[in-house]
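The values are calculated or read from the model by the stated rules, or taken from the named source; none is laboratory data. Predicted model, so just to flag it, every value in this text is computed and none were measured. Note that we place each Cβ from the backbone using ideal geometry, even for glycine, and neighbour counts take in every protein chain shown.
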Amino acid sequence: MSQELQYLTGFGNEFESEALPGALPIGQFSPQKVKYDLYAEQYNTTAFTAPRADNRRNWFYRIRPSVLQGEYEAIDNGLLRTAPITEAITPPSMLRWNPIEVPQEKTDFINGLVTMAANGSANGQSGIGIHVYVANASMEGRYFYNADGELLFVPQQGELILHTECGKLAIKPGEIAVIPRGIKFRVELLSDAVRGYICENYGNPYILPERGPVGANGYTNERDFQYPVAAFEDIEGDFELVAKFNGNLFRCDIGHSPLDVVAWTGNSAPYKYDLARFNVMNTVSFDHPDPSIFTVLTSPSGTPGVANVDFVIFPPRWMVAENTFRPPYYHRNIMSEFMGLIEGVYDAKEHGFVPGGMSLHNCMSPHGPEADVFEKASNAELAPQRYENTLAFMFESRYIISPTKYALEGKARQPNYADCWKGIKKYFKGA
Ligand SMILES: O=C(O)Cc1cc(O)ccc1O
Ligand SMILES: [Fe+2]
């Protein structure tokens with residue numbers, strides 16, 4: 001059951017929220033004394049001097065400042081990896097995986113992180129890490145933050161509450177959430193077992209893509225993004241803070257909950273979005289538009305129009321294209337494409353790409369419909385058709401995506417993936 005939480009709406013607004021009346025200073029950020037004897041702390045996720053339109057920061061008014069924590073010590077990274085991946089050679093092969101199983105033994109969100117692939121360099125603030133989370137227990141007495149990038153959560157099974165410094169977000173399959181770099185949080189499970197995908201974005205924070213000639217509305221509408229209201233934990237105990245920093249996990253003791261922010265203001269807060277709110281645009285005449293038309297969030301690289309990563313979805317929609325091969329076309333792409341499936345069936349792959357599964361088609365590696373799908377789609381009657389109960393997504397990046405050793409050699413890999421194209425026939429008979 002999901003909890004009814006309150007949210008602020010809009011994308012990247014200068015929000016403000018206080019859990020106690022008057023906790024937010026008026027007209028200044030850093031008064032000599034803050035109401036309720038709180039501490040003021042600034043948190044910057046862009047350089048001080050980033051242009052005003054890109055600049056992101058919050059001011060937190062908290063019970064204790066973040067410096068009040070113990071000494072860090074390195075802990076085991078488990079199956080978590082960070083770019084650059086050097087433990088395995090990246091092949092150009094088309095790759096596919098079965099879902100990662102939720103373990104039987106008690107596993108919380110941190111212990112249940114499995115890295116499938118990564119690209120760029122976390123240290124160089126470019127590229128992404130692609131992880132799966134599988135868990136069956138809430139984080140108890142421990143908190144987490146990630147200095148290497150912002151975290152895009154794509155739940156595939158089960159509901160979560162993300163308790164963050166800015167407040168709470170409830171998410172379930174069909175919704176996504178983004179936690180900015182460095183925000184401290186804990187993950188509470190509302191379901192016995194949860195699974196989902198995470199895109200750890202080492203690069204520029206996500207923004208909404210341009211609409212171009214589509215106009216002032218459509219695709220993602222700003223008003224559909226939801227931000228938490230301030231909520232604080234005033235608790236003391238033998239707690240632990242875990243940090244992912246420069247590719248490694250560290251822990252330190254902390255004697256209180258770091259989610260002790262009574263009020264905050266700023267534009268670098270976590271947010272959630274219901275993918276059903278995506279206002280889908282597509283052809284009403286002919287041909288299959290490029291999947292960029294379904295981009296929900298984009299992290300720009302330095303080059304205009306070339307993304308560090310795009311988060312793209314393939315949602316339920318009407319398909320009406322005339323005289324058209326309707327599934328995704330056969331394709332080779334400079335951009336590298338990592339896909340996952342939240343529910344249902346994806347139109348290019350009716351077999352083997354299952355909810356919770358994944359595929360990777362790297363830079364210039366060919367991909368497209370499996371043999372049976374080609375046969376069906378090239379002979380189908382082209383009546384308007386509703387694509388129902390389907391929700392695939394893609395992390396598409398300018399940098400070659402390197403799978404981890406676990407992804408290449410572990411049991412989730414489907415060794416015979418390329419067989420799905422083996423049945424493709426030669427029809428050409430010459431003139
Ligand atoms: O299925 C894929 O691999 C992704 C994809 C989708 C699409 O609609 C067009 C091209 C493409 O690569
Ligand atoms: Fe593609």
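Odds and ends about this structure:
- Qualifying residues in segment 382-406 (those that are among the β-branched types (V, I, T) and within 17 Å of I334 (Cα to Cα)) - the one farthest from the chain's Cα centre (by Cα): I400
- Close pairs (8 angstrom Cβ cut-off, 6 or more residues apart or separate chains): farther than 18 Å from N77 by Cα in segment 393-413, within 16 Å of ligand 1 (Cβ to nearest atom) and at pLDDT below 95 anywhere: none
- Test: residue in segment 343-355 that is crowded, with 16+ Cβ neighbours inside 10 Å, more than 12 Å from ligand 1 (Cβ to nearest atom), under 25 Å from I128 (Cα atoms) and of a type in the set (S, T, Y): no
- Unique match (being within 22 Å of the chain's Cα centre (by Cα) and farther than 20 Å from A177 by Cα) among D274, D290, D260: D290
- Residue pairs meeting the criteria (Cβ under 6 Å; at least 6 apart or on separate chains; first closer than 21 Å to A147 by Cβ and acidic (D, E), in segment 94-122; second in a loop (DSSP other than H, G, I, E, B) and modelled with pLDDT of 95 or more): D108/A137; D108/M139
- Single residue of segment 337-381 satisfying the filter (among the hydroxyl-bearing types (S, T, Y) and outside any loop (DSSP other than H, G, I, E, B)) that is nearest to the chain's Cα centre (by Cα): S359
- A single member of S299, S292 is within 15 Å of M335 (Cβ to Cβ) and either acidic (D, E) or away from ligand 2 (no atom under 16 Å from the Cβ) (or both), and it is S299.
- So I313, is it touching a helix residue (DSSP H, G or I) at 6+ places or on another chain (Cβ under 6 Å) and either within 12 Å of ligand 1 (Cβ to nearest atom) or of a type in the set (K, R) (or both): yes
- Criterion applied to E350, E337 was being acidic (D, E) and touching a residue at least 40 places away in the same chain (Cβ under 8 Å), and the one residue passing it is E337.
- Sole exception among (1) crowded, with 20+ Cβ neighbours inside 10 Å; (2) under 20 Å from T115 (Cβ atoms); (3) of a type outside the set (D, E) for K405, by number: (1)
- The residues of segment 326-336 that are closer than 27 Å to T115 by Cβ and assigned to a loop (DSSP other than H, G, I, E, B), listed by number, are P328, R332, N333, I334, M335.
- Candidates Q42, Q69, Q32: the one that is farther than 25 Å from G255 by Cα and among the polar types (S, T, N, Q) is Q32.
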